[in-house]
Amino acid sequence: MEDTKRSDSGFWVKLHPGGIDMILAACDSELLEKSFNEGKLRITVYREFYGGVLVDDRGLVQHMKSATILNLVGERCIEKAIEAGWVDPANIITIQGIPHAQAAIMFKD
């Protein structure tokens, strides 16, 4: 499932080449174009950064496999990264109740 329409069940993903790294920006679809603030913490889920293509669970995992750096926003998105072993739950922050995680993949299978 890849589309450009908004959905509350998929994930927006966008790959960004960065030198030798491939950065994946991904979020739960319903969070696109929203901002969250809590104390000094702030995140805006910009379409330009996160809004490449809309994918299902399988598509999200495939995109994660292509990346060396992950920038993730949302419960469902981060849960998939935890299940795959790429994100440690101890390293997740929440901003206004929304989880955010970043990870660098140091080795690949």
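Tabulated data for the structure shown
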read-out: Structure-derived Cα extents along the principal axes in Å: which label, when the choices are (1) 72, 35, 27; (2) 64, 35, 26; (3) 37, 32, 27; value: (3)
read-out: Packing rank of 21-30, 82-91, 54-63, where each peptide gets the mean count of other beta carbons within 10 Å, highest leading; value: 21-30, 54-63, 82-91
read-out: Computed [θ] at 222 nm, helices only, for the chain once each DSSP H run of length n ≥ 4 contributes -39500 (n - 2.57); value: -5500 deg cm²/dmol
read-out: Residue-count net charge about Phe11 - beta-carbon cut-off 9 Å; Lys, Arg +1, Asp, Glu -1; value: -1
read-out: Under the Karplus curve 6.51 cos²θ - 1.76 cosθ + 1.60, θ = phi - 60°, whole-Hz ³J(HN,Hα) for the stretch 35-48, x wherever Gly or Pro sits; value: 10, 9, 9, 7, x, 8, 8, 8, 9, 10, 8, 6, 4, 4
read-out: Mean Cα-pair separation over length for the chain, i.e. relative contact order, pairs under 8 Å, 6 or more apart, %; value: 28 percent
read-out: Where Cα atoms sit under 23 Å apart: lysine pairs in the chain separated by 8 or more or lying on different chains; value: 11
read-out: The chain - charge dipole about Cα centre, Lys and Arg +1 at Cβ, Asp and Glu -1, debye rounded to 20; value: 280 debye
read-out: Residues with amide H under 5 Å from that of Lys34, placed H, sequence gap 5 or more; value: Val45
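None of the figures in this text is laboratory data; all of them are computed from the coordinates on show. Model, not experiment: these values are computed from the prediction. Note that we place each Cβ from the backbone using ideal geometry, even for glycine, and neighbour counts take in every protein chain shown.
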